[in-house]
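Structure first, commentary second.
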Amino acid sequence: MGKGDIKSRKGKITKGTYGNRRPHKASKGPQQATPQPKAETKAEAPKAEAVKAEPTK
């Protein structure tokens, strides 16, 4: 079990691959997609309210 064995951790490091023996990061359980808060770059102008037209007779 050395650098030439692609099933071992050392072999995966040498080859530059990942798998069950060498995961990318440790899993902390199921992860939920959380929306990122929007960064305010410009001050938003207040929106003009729509004016309802009065019905004509």
In the stretch 1-18, what residues are assigned to a loop (DSSP other than H, G, I, E, B) and either among the hydroxyl-bearing types (S, T, Y) or surrounded by 13 or more Cβ atoms within 10 Å (Cβ to Cβ) (or both)? D5, I6, S8, T17, Y18
Residues satisfying the stated conditions in the stretch 7-57, i.e. modelled with pLDDT under 70 and of a type in the set (S, T, N, Q): S27, Q31, T41
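The values are calculated or read from the model by the stated rules, or taken from the named source; none is laboratory data. As the structure is a prediction and not an experimental result, all values here were calculated from the model. Positions of Cβ are generated from backbone atoms using ideal geometry, with glycine treated the same way; all protein chains shown enter the neighbour counts.
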